[in-house]
Amino acid sequence: MLLPCLLLALLAAPTSANPPSPPINYKTYAEMTRYLLELNATFPDVVQVSVAQDTYDLPYPEELQCIIDDETKATEPCKQFLVHMTNHSTLASDPERPEVFISGALHGNERVGPNAAIELVALFAHATSIYGTDDKAKPTLDTQRWLKQLVNTRNVLVTPMTNAYGYSHNHREELTVDPNRDYNYMRSGAECMQTMTSRVVNEIWRDHIFQLAVTFHGGTRAVAYEWGSPDHYLNGKESNPSEKSPDHMAQLQIGNTLANFAGVFPDGKLYPTGTMNDVVYGVSGGMEDWGYAASWENQFYDAKSQPFHACEPSTFGGYPKEKTIYNNITHRAFNMLVETSNTKEPKAADLGNFKELYEANVDFFRTEGITTEFVGHVPRNVRLALMMIEMAQPLVRWVDAAGSSQSQELLNVFPAASLYTTNADQVTEMGCGALAWERNEVATCSVSDCSVVNSVHSKVQIAWEVLGALTVDSTHVQVSSSETFEDDAILMKTSIQKGTTRRFYEFASDSSQAAAANVDTLGTSLFVTCLDLGNVTSDKLYVRAVATVDQDWKKQGTGDEGPSPHVPPQSHLVNARTNPDWDFEWNGHRVKAALEWTSPVITVETAKKSEANDVSSAIIPNSPVTDVPASFSPSGSTENESEDSDDSTDAPIIGKKRTKKASDDDESEESEDSSDEAAATTTAPSSATESERASTKTTDKDDGESDDESEDSEDDKDSDDNTLDDEMKASDDEQAKSSSSDTTQDATALATNGSGLDDKPASGLLQFGYIIMSSCAMIIVLTLAYLYRRVFRRPRQPYMNISSLEQPTRVTINSIADEDYDVDDDESEDVSAGPRIPRHAQSSRGVILSFSFLAPMEVFKRSRNVEDIAPPQCLSTVRLHEMLLNGTIGEDGVLALESDRRLGDKYRGLRSCDEQFNALVNGDKSASQEGSKDTDTVPKPPQMVYTEYLNCTGTALCEKPLLELKSCINSVLAGHRNIGDCAQTKRLLERCMRSKSEELLQASQPQVFRPHATP
């Protein structure tokens, strides 16, 4: 019966177009030109293409002719195309938007970079433009969400064919001059700025304040950074290692992150990283050191030693000398060299496939544990460029903190916590705790405007992450009664957390610090907190997350590891997040430091105590390119918000913005209508997690309908213009092509037991589909409920207070009846499943027999010799005893146990059993032996009585992580998984068990047994 329902549901569900999947091919100069102009015409809100010669009044030399027609070989003067990617509708009002430069190729015969650069532009355009409503070439929703945040908060300039002449003719130089020896670093006079390539780059850099830059090359593999010039070898000898730049710490970490995020090559290796002097070679006149140091290095040397001098070339009619004399602002960028491949022009088959960009979740790409999976050259370097764009500035964003996330089909919905964790209990543990969820006290939020619609909900669980950074030195949540967060308006600050971001990769030989950095986030890079609003009287609250990041970037080495020159960090990137006095402005662009970076604001409207059944929905406007509320900028300085609050209230969006200011009368009418419906509807959610989910409503209406319903509808607005998300969600629907204005709104009720929202009439097909899907869901729920009650459900063990038990000095436990634990003869061969327990033993108090995973403990207690126990049984015994008795046993714990004669032999047995288990998972499966039949009684001290109790209570309270660890270990024993895959699950179980053991140990006899838990 379930199969027909599922088939009908699939038929009723709307279909979506498949993303493109053909292979990526090389494009010629002519094809590049046509494609760039096409992108410019199709997506003008995101992509604007110009010709550098026209923009900066540079000549078109007759010598530089490029092939404009591949068939006829017709030529025209070469053009250096400049692509400007950002949300252009808000750029003028956002001078602090960080800037990034990407060069496709200084050498024309190195072909991967230009093709990666143009596919980067295309990916941004398809993912973020409001004109991509019917665009079938859309990436995944998570990739769209990520790129929208970047396009709203970054200013990116790309020259796909930097050396246009060389690319057109597949020639390294521009005519006879190497453009990457043509900058005025250790060159001067007529030796520099001879090529049109160098002059174009020079004009662009004089016009902007870039913080990060990538220059693609080919011929080897490397992600390299400063220094990369002959004057920066130790002691001036090229045979020595490179000197370190003043910003070496940040460059080292970012270079490692770029290599890891780009991914592995077919041979399983990552990009090598290091200084250009060390991993490539140092050159004079290179673009990389020029972009990093031309604004500041001269001032630290005398005139004879200064590396920068003005250029006076004679080619192409000359070039003004004053254009190569720089201020102290424009050239302070990390200008990283990326050598894309061992060959300058790899085979076309190795470039990759479009599905590697459009079907993959690029934002959450990981290389951990991947040894064989790889992508082509173009997707690899598109990912690298995307990471460089993200790293331009910290970005704090919200994550849906519910245990099981709702549908992620809307761009303005927060990313699901499942993307960060291995199970839903992780978020609950880090947040309000399982007990609060069971009591139905917790609400969550999945969008920026939320309402606590039930007075029972006194707690709000929220989660967030930090991007654009590597180390989170501190982060917390602020709750304020004012949206500008003045000091006197802040009602609550949560405890400080710290850790690392998803972009952090181990970059040092000693990785212990890196491994320990995530202790507060359980290794998920996710931050979670629980807000207790029980004593808050305000009807509207404003919540934001605050983070301080990457403070270790200002650290410098000593001796040979010290900086050259010996000065503090000089880059905009490092100072913008570590030096509060850093503030530079040039040509309409500004770099202003901030020690604290903030998230978008969540607006929480709390219901009155007398309106427990009211459902009040706060409608948020759909931001076209951004997914944050219009009341807050995506990221910025806490210090700036109070000063520039008027500016910060308008978030960057593409196209027209739709806003809503609900009146008190409207809210009261909505509450009355909602309460009537809620009173007439009784809901019974299947779990606390489901009942606490935020509900999302999508309403489509025509202009004529909006006039008739404007008085009664909760979706009324002051303005009703189309936005990017409206058009995107229309997809291939005919309504998106009509002249009517489609309006999509998301109404989120925070953690309610059922939603009282009235859905607007949808199409007949959608209604039919919803009915079918609802019916099937009900059938599935009823079936699972029946199976649970009849098959899986076992009676819970009665609660026992350990402090009320009598604790004699010596206790002798009677023998255990053999028949209670005998294994059926016909089933005893299945050792991996553990011994089977007769039904009459299920109610035995003190031992949880309803879980076969725990049954081997009884075999252990009946066996004098641990070698009689099969390794799968050893596993459960060792792990449970270690976690229950003393967490993870350290050296102090070993001494404490072995000093107690009554437990010494028992612990040594456990240790021996553990050794057998380790031998098993390392391939020595011959160590597995069948359990002993020895029924001799083992005297038990009081501690073992306590352990049995703790088995019962601790396991019942930690049921979910225990079952997950059991499943994972069974997979290891079956050879389907590696033991390392179970590490995360084991940590969760240890944390749960440890918390229970530490709590109950205080009520036991510490003078007899005092374990020492290690962190």
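A short reminder: the numbers here are calculations on the coordinates, not readings from a lab. On a predicted model such as this, the values are computed, not experimentally measured, just so you know. Here the Cβ positions follow ideal geometry from the backbone for every residue, glycine too, while neighbour counts run over all protein chains shown.
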Among 586-597, 335-346, 144-155, the order from most to least packed when residues are scored by Cβ within 10 Å on average: 144-155, 335-346, 586-597
Computed over region 29-390, the ratio Rg/Rh where both radii use C-alpha atoms and Rh is Kirkwood: 0.95
Rounded to 5, the percent of DSSP beta bridges in region 29-390 classed as antiparallel: 50 percent
Simple spin-label estimate for L234 and S305 in nanometres, 7 Å along Cα-Cβ: 1.9 nm
Two-site FRET efficiency, R439 against A777, from Cβ-Cβ distance with R₀ of 35 Å, rounded to 0.05: 0.85
Pairwise FRET efficiency - N587 versus L784, Cβ, R0 = 51 Å, nearest 0.05: 0.20
Length added when fully stretched, S474-D981, from 0.36 nm per residue minus Cα-Cα: 179.6 nm
Label point 7 Å beyond Cα of E345 along Cβ direction - residues of region 142-168 with amide nitrogen under 14 Å: 166-168
DSSP bridge pairs, region 26-171: antiparallel proportion in percent, nearest 5: 70 percent
Distance (nanometres) between label positions extended 7 Å along Cα→Cβ at R206 and D487: 4.6 nm
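Which order do the peptides 379-392, 412-425, 310-323 take when ranked by the mean count of other beta-carbon atoms within 10 Å per residue, highest first? Can you show the working numbers first?
Values: 379-392: 25.2, 412-425: 21.4, 310-323: 15.1.
Most protected by this proxy first, the peptides run 379-392, 412-425, 310-323.
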Overall dimensions of region 198-287 as given by Cα atoms, namely Rg and Dmax in Å: 14.3, 42
Scattering profile of region 136-188 at q = 0.14, 0.22, 0.25, 0.27 Å⁻¹ [log10 I(q)/I(0), Debye over alpha-carbon scatterers]: -0.66, -0.84, -0.95, -1.04
Violating pairs (Cα-Cα greater than 26 angstrom) within the set K148/K459; K79/K344; K244/K304; K355/K986: K148/K459; K355/K986
